[in-house]
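Below is one structure; the comments refer to it alone.
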């Protein structure tokens, strides 16, 4: 079910548009449960698990469901959401828009779709592998502009158990793809503060200077696993400051020198899915409730120490930033917007 959240004077309720009366009830319910230390769960509407959110502005964002192929859009700061499209009912993993009109989404079975009209229509630009190579699972997606982009993941034949790391690049918006070498399976790709690209994957963090440069490994975790373990990172105020979150172990890897050296600290035993710096020295990390209580963690000293939120939330899958807000989505339609 889709949950609305409220933080007094900081958090705005987000909900799917089943009825205006639900939004009124959500607002009134949340006013009655204000607290000062974090998020408060409001009423629930809907059933879709939301896997990712892309914030275009303070008012506009896109989100999608996990396994049901629904693309949602809000143009009022998340107070209401409309279902724009229903694509293949596969597991999509990543969405990106470079402006209000142009965006891409990728997932399993090599599925990639492109829109040029704000998500109303989607063009199938999927990568089709020979049947014997199995399912192409695309986890990472990054576009530098409307033409130049990357998707990455792995192919898996579940009968032969044969797997292969995969990465593809395009120079024409995804109409054609060229396979490239990559040291590990990537789950996410983001642009750094100096326009370099950072890739996260199977216990590793990679960096490349630009789209056409080779990848360089800057971190290989002791917790290296077959399934990708590092899914999110962000950058501090100081040049070279990076914090990467390890999914399976609840560890954070911290570098102050652009990835040359790292220190590690554990903030939880739970899975950590997303980490973001939302103000000068303020960080937020979120994830699942799979081993212990608490899945929202705050740092107000630039990642030096972390405090667990005292309240209980559903699993939170992804965070995104707009100019003035942090957006969050997760299990059972959980969605929220936090003022920066």
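The values are calculated or read from the model by the stated rules, or taken from the named source; none is laboratory data. Not measured: the values here are computed from a predicted model. Using ideal geometry, Cβ is built from the backbone for each residue, glycine included, and neighbour counts are taken over all protein chains shown.
Brief remarks on what is shown
- Residues of the stretch 110-119 classified as in contact with a strand residue (DSSP E or B) (Cβ under 6 Å, 6 or more places away or on another chain) and either at pLDDT below 95 or exposed (fewer than 15 other Cβ atoms within 10 Å of the Cβ) (or both), total: 0
- Flag if residue 157 is surrounded by 13 or more Cβ atoms within 10 Å (Cβ to Cβ) and touching a helix residue (DSSP H, G or I) at 6+ places or on another chain (Cβ under 7 Å): yes
- Filtered residue count, the stretch 44-79, keeping only those that are part of a loop (DSSP other than H, G, I, E, B) and within 17 Å of residue 322 (Cβ to Cβ): 10
- The set of residues in the stretch 53-90 being free of Cβ contacts under 8 Å to residues at least 40 places away in the same chain and under 22 Å from residue 190 (Cα atoms) consists of 65 alone.
- Filter result (surrounded by fewer than 19 Cβ atoms within 10 Å (Cβ to Cβ), out of contact with any strand residue (DSSP E or B) (no Cβ under 6 Å at 6 or more places or on another chain) and within 25 Å of residue 50 (Cα to Cα)) within the stretch 283-316: 289, 290, 291, 292, 293, 310, 311, 312
- Filter pass, residue 156 being without any contact (Cβ under 8 Å) to a residue 24 or more places away in the chain and within 26 Å of residue 249 (Cα to Cα): yes
- Restricting the stretch 201-218 to residues that are under 23 Å from residue 283 (Cα atoms) and at pLDDT below 95, the residue that is surrounded by the most Cβ atoms within 10 Å (Cβ to Cβ) is 201.
- Highlighted here are the strands (runs of 3 or more DSSP E) found entirely within the stretch 206-310 that include at least 2 residues which are over 21 Å from the mean Cα position of the chain (by Cα): 216-220, 263-266.
- In the stretch 140-151, the residues that are within 15 Å of the chain's Cα centre (by Cα) and crowded, with 24+ Cβ neighbours inside 10 Å: 140, 141, 151
- When the residues of the stretch 92-109 are filtered to those that are within 19 Å of the chain's Cα centre (by Cα) and over 13 Å from residue 149 (Cβ atoms), the one that is surrounded by the fewest Cβ atoms within 10 Å (Cβ to Cβ) is 99.
- Residue within the stretch 114-137 that is under 17 Å from the mean Cα position of the chain (by Cα) and within 21 Å of residue 232 (Cα to Cα) present: yes
- The stretch 321-339, subset surrounded by 18 or more Cβ atoms within 10 Å (Cβ to Cβ) and more than 22 Å from residue 47 (Cβ to Cβ), residue modelled with the highest pLDDT: 322
- Of the residues screened, residue 151 is not one that is touching a strand residue (DSSP E or B) at 6+ places or on another chain (Cβ under 9 Å) and over 30 Å from residue 84 (Cα atoms).
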